[in-house]
Every structure is written in structure tokens, then in C-alpha cells.
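The values are calculated or read from the model by the stated rules, or taken from the named source; none is laboratory data. Everything numeric here is computed off the predicted structure, so don't read it as measured data. Note that each Cβ is placed from the backbone with ideal geometry, even for glycine, and that neighbours are counted across all protein chains shown.
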Amino acid sequence: MKIKSRVYIDRELSNNQLIIPSSEIQHYLIRVLRCNLNDFFSVFNGKEEWITKVSKLDKNYCELTTLKLLKKLTDTCRVDLFISPLKKSPFEFVIQKCSELGVDEFHPVHMHHTNKGNLDYLRLETIAKESAEQCGRITVPKIHKVKKFEECFKDSNYDFIIYCSLNEKGKHINSKIIKKDTNRVAIVIGPEGDFSKSEFKQLENNDKFYPVSLGTTVLKSETAAIVATALLKNEINNA
């Protein structure tokens, strides 16, 4: 059984279920992937993933039928990424790569040194969905609206929050900060120009915040986001 591709569908799934995909997905299956009758596709919904087959196919219409449950969501520790908006291409790159690495929610944050304003949320959501389809994860990351820095961490329910700092030299992302019962963590990436004095003060005066170094070189924000996510997810997976 060769699975031709993965598709995200926002609906409940069960055995031997008839699925009529949206017109957008039908166009993708028929025109882009050029599916044939009885082709197999993987369908996931954020909770589980099923093998389906094309059970009906016309020129501009198709139906899928679920055949077998492949896997259910098992991740126990969620990772959120708080990052200052960047220029279009670098920010889209962050959404794509950090979605592949396993970020669950993206929080664009307006900081003192932020120099990018409007974001194309629909475009970012599409990138996150396509990244989830490509990398094999069951969930699609959520993209939040931009918030001001001081509004982001009020009444937060994170076990701890990592912030990447040029001032930190001795602490790093390692197994010492991850416990087996850790449920939700966050990463905070500052803008180019780093956090402001007032932002550093807010970070340093909260016992949930944990400063880390990402090495001896100065990384661009997009590089820092990807490196920090990869290091943290590796420790979570090995905890």
C-alpha cells in the first residue's frame, strides 16, 4: 500500500467514514497530485491520522473513505514560540521550519526594537498547515495575532520559559531543565537589537524565565528560533 500524500482535514474521523473534502483539497488532489481512483492518502485532523482511499472520482470532484487508523496524538509536552515579527521571507522561514520541528503555537510579539508591522496571517497559517502535512506531525500549529510584550506572559501556565540572551554565557538548553512531567514550555526570541532594558527587567524578575546562550556567535532572530526549537525538542524527546 503506497500512500501518495498527507492531507489535513478539520473534522472528526472514524472507520469506514465517507469524506467529501473541501473544494480546495479536491483541487489539490485532482489537479496537483493527479490522483486516481483507489489511490491511498493519509488524512490527519490534529488528533489522529487515518489511511484513506479515493472511493469516487470525477473530473472536478472526489471522495475519500477511511480504511485504517495509523496513529493517535501522543505528544505530552507542548512548545510555544514567542518571537518578534521579521521581514516577510525570514518570518515565513521560521514558521515553516519551526512547524517541522514541532512548535505548537506561534506568538508574534511587538517589542521595543521590532521594526516589522503587519503580518499576512492567512499566508502564515497556510505555511504551517503545509509544513505539518510534509513533516508527518498530526497537529497543525496555531498562529496568534501580534501582542505587546508586556501582555504576553500574564497568568501564563508554562512550566518554564526560555529566553535566548546575548548576555548569558553559562546556561544552555540541556537535560537539566527538562523533566518527565513537563507539560508546556515556551521559547522567547528577541528582535535584532535584542531585548530592551525594560524587557530584560521583566524577564529577569520572573522565576519562570530561564536565560540561555545559543553559542559564542551572534545569531539572526530566525536562526536563533530554529536552533533553540531544535535543541529544546531534542531534550524533550529524550527526557
> Of all residues in the stretch 169-196, how many are surrounded by fewer than 19 Cβ atoms within 10 Å (Cβ to Cβ) and over 16 Å from Ser221 (Cα atoms)?
Replying inline: 14
>> Can you pull out every residue in the stretch 92-115 that is over 12 Å from Ile187 (Cβ atoms) and modelled with pLDDT of 95 or more?
In response: Glu92, Phe93, Ile95, Gln96, Lys97, Ser99, Glu100, Pro108
>> I want to confirm something. Restricting to the stretch 108-134 and keeping residues that are over 20 Å from Ser89 (Cβ atoms) and not in a loop (DSSP other than H, G, I, E, B), which single residue is nearest to the chain's Cα centre (by Cα)?
In response: Ala132
> Listed residues Val103, Val7; which is touching a strand residue (DSSP E or B) at 6+ places or on another chain (Cβ under 9 Å) and not in a loop (DSSP other than H, G, I, E, B)?
Replying inline: Val7
> Looking at (1) farther than 25 Å from Ile177 by Cβ; (2) charged (D, E, K, R); (3) assigned to a loop (DSSP other than H, G, I, E, B), which is the only condition Arg137 fails?
Replying inline: (1)
